[in-house]
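Trainee: This is the structure I have questions about; it appears just below.
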Amino acid sequence: MKNKLMLGLMAAALTMVSCSQDRIEEPSQDETAEVSRPYNALNYLELVPMLEHYDKTRKPVLEEALGFEDTRMNYFSIETIENYIKYVKTLSREKGIKFTGINFVSAAYPENTGHGVPNYQNLLLMPTTKINGKNICFDPVQSTSEKIVTVKEMLASYGYNWVYDSKEDYDNRYKSNELILNNFKNRNQKSDIESGAGNHSTLAPPYH
């Protein structure tokens, strides 16, 4: 009798584990929903010429200037991207800001970088929101429910002139700005604070 009872309990336990595992492994409703081909998906006769044109017009110039082939690929894991988007969405929702997208911005690690590979190009992730009908980079960390703080404002406070929000800014990119120049001179005295931008990708090249 005891043996039968034990066998029954073991069978029940195995059934529960099996059902639990089945539920965990089942794809979510979003993953099983029918999905149409995205508008930005490429065919190979579009993709290949773009890669070739980069090879012909960018690689030689960069290699001659730098003395090495610069980074071509920036890898972010799915988990990293999903977590970053969730973080920005949460901050934006809490502050009543509409998060519209992400700008992938070219940058390069400096000689004294604390992460990444010195002198190699990388990508920064900068969230955007609509301001006067345009998608503008903003800082979800420093923004509040009363005021959207743009990346341009934050960078200017550290002495960097961000000129990519408008044609007017870009056309005037070489004009000196006394406030930004002073902030640049005093950058080392300024306290470091968190930003809403992202980075920390895996680069290739270089190969280790």
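The values are calculated or read from the model by the stated rules, or taken from the named source; none is laboratory data. These numbers were taken from a predicted model, which means no experiment stands behind them. As a convention, Cβ positions derive from the backbone with ideal geometry for all residues, glycine included, and neighbour counts pool all protein chains shown. Surface accessibility is based on the protein's heavy atoms, side chains included, excluding ligands, DNA and RNA. Shrake-Rupley method; radii C 1.70, N 1.55, O 1.52, S 1.80 Å.
Trainee: Under the rule of at least 5 residues apart or a separate chain, name every residue whose amide H is placed under 5 Å from the amide H of ALA108.
Mentor: Amide H neighbours of ALA108, under 5 Å, 5+ apart: ASN122.
Trainee: So what are the ³J(HN,Hα) numbers for segment 122-138, from phi and the Karplus equation (6.51, -1.76, 1.60; θ = phi - 60°), rounded to whole Hz, Gly and Pro as x?
Mentor: These are the phi-based 3J(HN,Hα) values: 8, 10, 9, 9, 10, x, 10, 9, 7, 10, 6, x, 10, 7, 10, 5, 10 Hz.
Trainee: Then there's this: Compute, for segment 140-208, the length of the dipole vector about the Cα centre, with Cβ point charges of +1 (Lys, Arg) and -1 (Asp, Glu) only. Units Debye, rounded to 20. Display every interim value, and only then the final one.
Mentor: Working: 8 positive and 9 negative charges, 44 e Å.
Taking the Cα centre of segment 140-208 as origin, the dipole is about 220 debye.
Trainee: Give me the count of lysine pairs in segment 128-208 whose alpha carbons sit under 15 angstrom apart, restricted to pairs 8 or more positions apart or on different chains.
Mentor: Values: LYS130/LYS147; LYS130/LYS152; LYS134/LYS152; LYS134/LYS167; LYS152/LYS167; LYS167/LYS175.
For segment 128-208, qualifying lysine pairs total 6.
Trainee: Accessible area, 1.4 Å probe, largest first: how do SER166, SER176 sort? If you can, show how the numbers build up before the last one.
Mentor: On the way: SER166 30, SER176 100 Å².
Solvent-accessible surface, decreasing: SER176, SER166.
Trainee: Solvent-accessible area per residue for segment 29-109 at a 1.4 Å probe radius, Å²? Mind showing how you got there, number by number?
Mentor: Details: 6710 Å² over 81 residues.
Accessible area per residue: 83 Å².
Trainee: Karplus couplings for segment 160-175 from phi (6.51 cos²θ - 1.76 cosθ + 1.60, θ = phi - 60°), rounded to Hz, Gly and Pro as x?
Mentor: So the Karplus estimates, Gly and Pro as x, are 10, 8, 8, 10, 10, 7, 8, 5, 4, 4, 5, 5, 9, 5, 9, 6 Hz.
Trainee: Taking amide H atoms as placed 1.01 Å from N in the peptide plane, list the residues 5 or more away in sequence, or in a different chain, whose amide H sits under 5 Å from that of ILE131.
Mentor: Amide H neighbours of ILE131: ILE136.
Trainee: Which shape class, rounded, prolate or oblate, goes with segment 125-208 when its Cα gyration tensor gives a ≥ b ≥ c as root eigenvalues, a/c under 1.5 marks rounded, and past that a/b bigger than b/c marks prolate?
Mentor: Taking the square roots of the gyration eigenvalues as a ≥ b ≥ c, segment 125-208 is rounded.
Trainee: When a/c is below 1.5 the answer is rounded, else prolate if a/b is larger than b/c, else oblate, so apply that to segment 42-85 with a ≥ b ≥ c taken from the square roots of the Cα gyration tensor eigenvalues.
Mentor: On the way: a/c = 4.48, a/b = 1.40, b/c = 3.19.
It is oblate, given that a/c is not under 1.5 and a/b is not larger than b/c.
Trainee: Another question about this same structure. Could you list the chymotrypsin sites (Phe, Trp or Tyr not before Pro) in segment 146-208 that lie in coil according to DSSP, counting only those with at most 15 other Cβ atoms within 10 Å of their Cβ?
Mentor: TYR158, TYR160, TYR164, TYR174, TYR207
Trainee: Of all accessible surface on segment 99-150 at a 1.4 Å probe, what whole percent is carbon and sulfur? Could the numbers behind the result be given before it?
Mentor: Working: 1360 of 2680 Å².
About 51 percent, which is the carbon plus sulfur part of the accessible surface.
Trainee: So if each residue of separation counts as 0.36 nm, and I subtract the Cα-Cα distance between ARG37 and TYR87, what length gain in nm does that give? Write out the running numbers ahead of the final one.
Mentor: Working: separation 50, 0.36 × 50 = 18.00 nm, distance 2.71 nm.
Gain on stretching ARG37 to TYR87: 15.3 nm.
Trainee: Can you give me the long-range amide H partners of ARG72? Hydrogens built in the peptide plane at 1.01 Å from N, cutoff under 5 Å, separation of 5 or more residues or another chain.
Mentor: Amide H to amide H, under 5 Å and 5 or more residues apart or across chains, ARG72 pairs with ALA204.
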